[in-house]
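The values are calculated or read from the model by the stated rules, or taken from the named source; none is laboratory data. Bear in mind that the values here come from a model prediction, so they are computed numbers and not experimental data. Counting neighbours? That spans all protein chains shown, and the Cβs are built from the backbone with ideal geometry, glycine included.
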Number of protein chains: 2
Amino acid sequence: MSDSRRSVLIVGASAAGLRCACRLARLRPGWQITVVEAGAVFSYAACGLPYVLSGDVEDLTALRQTTYGVVRDQRFFAEEKGVAVLTGWRATRAKLAQGLLKIEGPEGERQLSWDELVLATGARPRRLAKQPEHPRVRCFHGWQDLEPLKAGLAGGQIGRVVIVGAGPLGCELAEAFHSLWGAEVSMVEAGQAALPGVLDPELGGCVASHLEARGVRLLTGQPLGRLEADDQGVRVGAGGEELSADLVLVAIGVEPEVELARRLGVRLGPTGAIAVDERLATSVPHLWAAGDCVEVRDLSSGLPVYRPLGSLANRQGRVLANILAGQADSFPPVAGAMAVKVFDLNVAAVGATETALRARGVRVRSVWATLDDRSPFWPQNAELHLKLSYEPSSRRVLGVQAVGRGDAVKRVDVATQLIAQGATLAQFARLEHAYAPPYAPAVDPLAVLAFAAQNQEDGVEAVSPTGALEAALDVRLPGERQRRPAPAAEVQELALSVLRSGSPAAAGIHGPGIVICERGGRAAEAVRLLRESGRPARYLGGGLVWREAALDGGRRR
Amino acid sequence: MSDSRRSVLIVGASAAGLRCACRLARLRPGWQITVVEAGAVFSYAACGLPYVLSGDVEDLTALRQTTYGVVRDQRFFAEEKGVAVLTGWRATRAKLAQGLLKIEGPEGERQLSWDELVLATGARPRRLAKQPEHPRVRCFHGWQDLEPLKAGLAGGQIGRVVIVGAGPLGCELAEAFHSLWGAEVSMVEAGQAALPGVLDPELGGCVASHLEARGVRLLTGQPLGRLEADDQGVRVGAGGEELSADLVLVAIGVEPEVELARRLGVRLGPTGAIAVDERLATSVPHLWAAGDCVEVRDLSSGLPVYRPLGSLANRQGRVLANILAGQADSFPPVAGAMAVKVFDLNVAAVGATETALRARGVRVRSVWATLDDRSPFWPQNAELHLKLSYEPSSRRVLGVQAVGRGDAVKRVDVATQLIAQGATLAQFARLEHAYAPPYAPAVDPLAVLAFAAQNQEDGVEAVSPTGALEAALDVRLPGERQRRPAPAAEVQELALSVLRSGSPAAAGIHGPGIVICERGGRAAEAVRLLRESGRPARYLGGGLVWREAALDGGRRR
């Protein structure tokens, strides 16, 4: 395959398709490489669209420029990259045996021949089961979705918005509508908190509270009711309520664009996306696929999952070019790293959530910690709420989640490398990091999480920051108790020093309880001391700081 | 060792000693744990001292507070941690056979008994061979060094400062003296650029230029000459020059404090620090050591190295506590991650520099790249100059260095995990990261470096951004050439599109040369095209942007 002059036809001119095309044109300059694209605008960073809406990014052009200021258009790909991009042409049918693809465009129908065909058809937004066909009910996915919204917002016709779905896109859109345009934003989410699937509820709760603190109304655990739209506005049923708005944005995720694949007889996987092997080959010889239209293998479960991410699409495009050029390469299983910014909150996660692991029947335990992301004395130091889930028998780490004003993404990027190699708590505990006060604390937060998990296996058990809290043992200082009262029905106060100096009985401690402090560290120490004197207790993971951050919004609601 | 009631004596109350003591007190609450400390102030984050000087951190107290606002003093350790700290006592001699340690203090002499003795004696500043004993010639290492400097600065007696050594501490001090106090700062460094040992010269050059752009005068490649101090001032010979100043700060690193170890007959390693095994045991039974007084094993060479870092000291303290408590634990070899902030420049590195590798006789090749640290369209996106060095035969990555306004530390933290597992270019090329435009580009900069290295092994060779540049082939656009003229004696201009459309001969290209562009990416593509048409060429790694950043300061000097 690598030596003769071959013709490679790629359907879809976004990340995977174009990266594959350009890399292949470099590796095999004699080959004929053609990309067919249905849209007029292509090679733009779709992940940046919410930020054009929010005004953080000036316009669509900024999303399709090289670093040296050239727009990535047909001319650019033809002249600088040696890749022909045919825009406005939709691939409709193929004759597999002859290696022919039919495409339709404004000028009629054409037929293209190929030796290798790459499906990089991407994804399309998921729609509601009964989504009304009305301009006031929209998805937000491609460049075409930008202008109508900006025009409506600029014209003042969009004052109230309901966003269906509090996933990453929904959260980004909430920020965009609220921050730049001052729109009144409500979100309706069927899950228990924001970012379900990405975060467990005790972290999603922090995001929910933050959204509410910023003036976004969030209705969680609410299945969507009736949705009606007419020229006057939209009415959305959520729980027992009816919300009125000028616009409903449906942001419930995307699904793979597999129409062409289906017509070509390509096997789809259990997720509904194109099934490919490690070499990105489909079930049909000489047909390959990459990007948001394929499913990938999940590293921890070994199962196929659908992860439409620009970062994976880019990597797949390059890997596929290498393979088509005859090099040994493959696309490995995916650990599942992700990040999203929600107003001032940084959110990142990798691996599986505890919720997902339990649903799969995996035995899992978790620890929580509220930690500094830099040296505590550094002025720009900020807090992070972190959760680590692991399999008790093997002590293998299965997932890390982080939320806060601190640098959540750095820790998740590091955790991703460890999880990708199947690291245990012991490996997390001994991780090396680049330390200087402006950048990191002396002990890495991921290591602290691992310490907490190791301690838990030694009997110092944590409970979720948002779990039930009836009787609490408060080991904080009087001043701290005053500033943030303990939110439990029955509270016993006890200083660590008293606990250390004598028996809990002498300190007047009675009954079981959950030990609490600000961030969880002192409470864990107290649990150890209580156990020493034969009194079992557990501590509130992540402390009252986390609990307040996650439940505060709920209280105000 | 783990079950009976034992007495553990620790010499030195900084990171390693105190962490060991507190952890051990938790694991073995029945044991007697005593820490002997010569100083009056202890348990402060010494890495934060330059920032107290600079005013970023309010005062020394901020460096010794818990997150809940309690100062870590003797009372704190005794009551909250169950650890006795004896301050103002200096350990002088020991009777090994009897397990006795003599300590001297203001109240005379005492004798303490121990079952296990831990040396956590830390480090002391290296002094010049002929360092004058004068208040105007100082090191900066401990809390005692802070007040005289702050007083002198506040009193206006320190207007001009010469810093000897442009290592991490020297750079931090330059910023402190210059930014807060407006002092006129000169630095004298024997190495070729700033941060020698940490960075190769083409990265150190970027730091040097930045220092100079911020008004710090940096003399590199200058062995220190005469140094004379009297009540009027200091005179420092550097190269052919004599610098006059009010103060000379000697910042040429630290050396292990091994006086007591030596007296106890403990074996020192080739670095001069205490030799310990993976369990932090010294050569003498029941004598252990941790922190800045020990040497560690370098991951890539397997050789002992001296790496006095707070992050390693903390980890060692915890590991040693686990070991003393009878748990299975060990301190692994060190990859060598480090970070330092120099004004607005973020600097981080891991593994060995190319300079160090060549000195060791290792066959090594490198690549360079100037890249965005976030999506190019994100407003807070910033540039990074990155270098990756690898062993060509195994393709194993041996070192990564990063300098820029972008997030250098995140990339080095991720690289550290990969290097720690002995990762090759292929593993770097397929690394997964958490992607969202506010946090990262779609393709991770480390992966881009690996691509460049893989391409280099396929014949697309890079040259150092600061290497000789006689004849250059400029593939940039006319506007770019105007804004940043090509700094070569002979320049041929050539657009990538022209190169792609025809033969180099047709384009009038003659002779060999180095292909240049802004950041290196397009130049690498051109090299591939030139090779295809039988014309060997190499490209300027990191591009003209890097070259200018590294050499600009030199020009202005």
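Restricting to region A:176-201, and then to whatever is of a type outside the set (A, V, I, L, M) and surrounded by 24 or more Cβ atoms within 10 Å (Cβ to Cβ), can you tell me which residue is nearest to A:THR466 (Cα to Cα)?
A:ASP200
Which residues, taken from region B:108-138, are assigned to a strand (DSSP E or B) and among the acidic types (Asp, Glu)?
If the condition is that a residue be assigned to a strand (DSSP E or B) and among the acidic types (Asp, Glu), then B:GLU109, B:GLU116 are the ones that fit.
With the structure loaded, tell me whether B:PRO445 is more than 9 Å from chain A (Cβ to nearest Cβ), within 18 Å of B:VAL409 (Cβ to Cβ) and crowded, with 24+ Cβ neighbours inside 10 Å or whether it fails that test.
Answer is yes for this residue.
Listed residues A:PRO437, A:PRO445; which is touching a Gly at 6+ places or on another chain (Cβ under 6 Å) and closer than 30 Å to B:SER311 by Cα?
A:PRO437
Out of curiosity, is B:VAL443 assigned to a loop (DSSP other than H, G, I, E, B), aliphatic (A, V, I, L, M) and over 30 Å from A:ALA176 (Cβ atoms)?
Spelling it out, it is not the case that B:VAL443 is assigned to a loop (DSSP other than H, G, I, E, B), aliphatic (A, V, I, L, M) and over 30 Å from A:ALA176 (Cβ atoms).
Go through (1) over 16 Å from B:TRP143 (Cβ atoms); (2) within 13 Å of another protein chain (Cβ to nearest Cβ); (3) touching a His at 6+ places or on another chain (Cβ under 8 Å) for B:ALA46 and report which single condition fails.
(1)
Residues in region B:341-368 that are of a type in the set (Lys, Arg) and without any contact (Cβ under 8 Å) to a residue 12 or more places away in the chain: how many?
1
Are any of the residues in region A:71-90 within 10 Å of chain B (Cβ to nearest Cβ) and loosely packed, with under 15 Cβ neighbours inside 10 Å?
yes
Just to be sure I understand, how many residues within region B:510-545 are crowded, with 20+ Cβ neighbours inside 10 Å and assigned to a loop (DSSP other than H, G, I, E, B)?
Of the residues in region B:510-545, 8 are crowded, with 20+ Cβ neighbours inside 10 Å and assigned to a loop (DSSP other than H, G, I, E, B).
Do the conditions hold for A:ALA281, that is, is it modelled with pLDDT of 95 or more, closer than 18 Å to A:THR416 by Cα, in contact with a strand residue (DSSP E or B) (Cβ under 9 Å, 6 or more places away or on another chain) and not basic (Lys, Arg)?
When the stated conditions are applied, A:ALA281 does not pass them.
Restricting to region B:407-424, name every residue that is more than 8 Å from chain A (Cβ to nearest Cβ) and either buried (at least 24 other Cβ atoms within 10 Å of the Cβ) or free of Cβ contacts under 8 Å to residues at least 24 places away in the same chain (or both).
B:ALA408, B:ARG411, B:ALA415, B:ILE419
For region B:470-505: of the residues being in a loop (DSSP other than H, G, I, E, B) and aliphatic (A, V, I, L, M), which is farthest from the other protein chains (Cβ to nearest Cβ)?
B:ALA489
Condition (residue is closer than 22 Å to B:PHE377 by Cα and either assigned to a loop (DSSP other than H, G, I, E, B) or basic (Lys, Arg) (or both)) applied to region A:74-83: is it met by at least one residue?
yes
Here are the criteria: (1) outside any strand (DSSP E or B); (2) of a type in the set (D, E, K, R); (3) within 23 Å of the chain's Cα centre (by Cα). Tell me which single one A:ASP277 does not satisfy.
Of (1) outside any strand (DSSP E or B); (2) of a type in the set (D, E, K, R); (3) within 23 Å of the chain's Cα centre (by Cα), only one is false for A:ASP277: (3).
For region B:244-256, enumerate the residues that are crowded, with 19+ Cβ neighbours inside 10 Å and over 24 Å from B:ALA275 (Cβ atoms).
Selection gives B:ALA245, B:ASP246, B:LEU247, B:VAL248, B:LEU249, B:VAL250, B:ALA251.
Can you tell me how many residues within region A:323-343 are touching a Lys or Arg at 6+ places or on another chain (Cβ under 6 Å) and among the acidic types (Asp, Glu)?
Within region A:323-343, residues that are touching a Lys or Arg at 6+ places or on another chain (Cβ under 6 Å) and among the acidic types (Asp, Glu) number 0.
Within region B:51-70, work out how many residues are in contact (Cβ under 8 Å) with a residue 40 or more places away in the chain and more than 7 Å from chain A (Cβ to nearest Cβ).
5
So which of A:GLU480, A:GLU383 ends up being within 26 Å of the chain's Cα centre (by Cα) and not hydrophobic (A, V, I, L, M, F, W, C)?
The match here is A:GLU383.
Can you find a residue in region A:50-57 that is at pLDDT below 95 and surrounded by fewer than 17 Cβ atoms within 10 Å (Cβ to Cβ)?
There is at least one residue in region A:50-57 that is at pLDDT below 95 and surrounded by fewer than 17 Cβ atoms within 10 Å (Cβ to Cβ).
Does at least one position in region B:95-103 carry a residue that is surrounded by 14 or more Cβ atoms within 10 Å (Cβ to Cβ) and not in a strand (DSSP E or B)?
yes
Here is a yes/no grid of residues against (1) crowded, with 21+ Cβ neighbours inside 10 Å; (2) in contact with a helix residue (DSSP H, G or I) (Cβ under 8 Å, 6 or more places away or on another chain); (3) not hydroxyl-bearing (Ser, Thr, Tyr):
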{"position": "A:HIS210", "(1), (2), (3)": "yes, yes, yes"}
{"position": "A:GLY237", "(1), (2), (3)": "no, no, yes"}
{"position": "A:GLY240", "(1), (2), (3)": "no, no, yes"}
{"position": "A:SER283", "(1), (2), (3)": "no, no, no"}
{"position": "A:ALA289", "(1), (2), (3)": "yes, yes, yes"}
{"position": "A:VAL294", "(1), (2), (3)": "yes, yes, yes"}
{"position": "A:ARG307", "(1), (2), (3)": "no, no, yes"}
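For the subset of region A:455-468 comprising residues that are touching a Leu at 6+ places or on another chain (Cβ under 7 Å) and surrounded by 21 or more Cβ atoms within 10 Å (Cβ to Cβ), which member is nearest to the other protein chains (Cβ to nearest Cβ)?
Only one residue tops the list, namely A:PRO465.
Just one of (1) within 31 Å of the chain's Cα centre (by Cα); (2) on the phi > 0 side of the Ramachandran plot; (3) of a type outside the set (A, V, I, L, M, F, W, C) trips up A:PRO50, so point out which.
It fails just one condition, (2).
Find the residue count for region A:295-324, including only residues that are of a type in the set (Ser, Thr, Tyr) and within 12 Å of another protein chain (Cβ to nearest Cβ).
Residues meeting the conditions: 1.
So, in region A:346-368, exactly how many residues are within 14 Å of chain B (Cβ to nearest Cβ) and closer than 18 Å to A:PRO392 by Cα?
So the count comes out to 1.
Just one of the numbered conditions (1) within 9 Å of another protein chain (Cβ to nearest Cβ); (2) outside any strand (DSSP E or B) is not true of A:VAL340; which one?
Here A:VAL340 meets the rest and fails (2).
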